[in-house]
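Down below is the structure, laid out as structure tokens.
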Amino acid sequence: MTRTGVRVGVDVGSVRVGLAASDPSGLLATPVRTVARDADTPAPDSGAGVPADIEEVAAFVAEASALEVVVGLPRTLAGDEGPAAVLARQYARRLAVRVAPVPVRLVDERLTTVDAHRSLRESGVAGRRQRAVVDQAAAVLILQAALDAERGSGRPPGELVRPDGRKPRTKDRRR
């Protein structure tokens, strides 16, 4: 049985963060917005030095009354994790602390940015304009893949991120 509730998809980049959201039934992912990545500047009202981009994503998660957050984990074609995956894991952990008790899950996102660029190009979006929306498009692809995987398996997708920083239990490490 598929769970109901809005899911938020996140594509983490070094410059921008793309956001997508599902409908409440968890069938369709749609783009929401692109957030400027600001890892070094705490949000003015955060009090605890939370970066402004994480604060903005967390505010959207709360506004949407999200069931969970799905963050893309960029693996290599061989399935390994490089610097971009380390960045995504760190971001997901910080976000999990900020949005708790809403769960954050990491899902494999191999080639989503490439697919997003191709889709935008095919739909007629010019190269320069792609930069503004490619992260949203990648977040849509990440979230849609997670929604489809859950519908197919009946289980939440990906790997649970624990806010306490500990490794997830074996049952939470589905790939």
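General observations
- Scope segment 72-101; condition under 20 Å from ALA137 (Cα atoms), touching a helix residue (DSSP H, G or I) at 6+ places or on another chain (Cβ under 7 Å) and not in a strand (DSSP E or B); matching residues: PRO74
- Under the condition of being under 11 Å from GLU109 (Cα atoms) and not polar (S, T, N, Q), the residues counted in segment 71-83 number 7.
- Counting only residues that are of a type in the set (Gly, Ala, Ser) and modelled with pLDDT under 60, segment 158-175 holds 0 of them.
- None of ALA149, ALA137, ALA145, ALA116 is modelled with pLDDT of 60 or more and under 23 Å from VAL15 (Cα atoms) except ALA137.
- Any hit, segment 38-51, residues being β-branched (Val, Ile, Thr), touching a helix residue (DSSP H, G or I) at 6+ places or on another chain (Cβ under 7 Å) and at pLDDT 95 or above: no
- Selected residue (criterion: surrounded by the fewest Cβ atoms within 10 Å (Cβ to Cβ)) from residues of segment 133-169 that are in contact with a Pro (Cβ under 6 Å, 6 or more places away or on another chain) and part of a helix (DSSP H, G or I): ALA149
The values are calculated or read from the model by the stated rules, or taken from the named source; none is laboratory data. All values reported here derive from a predicted model rather than from experimental measurement. Here the Cβ is made from the backbone with ideal geometry for all residues, glycine too, and neighbour counts use every protein chain on show.
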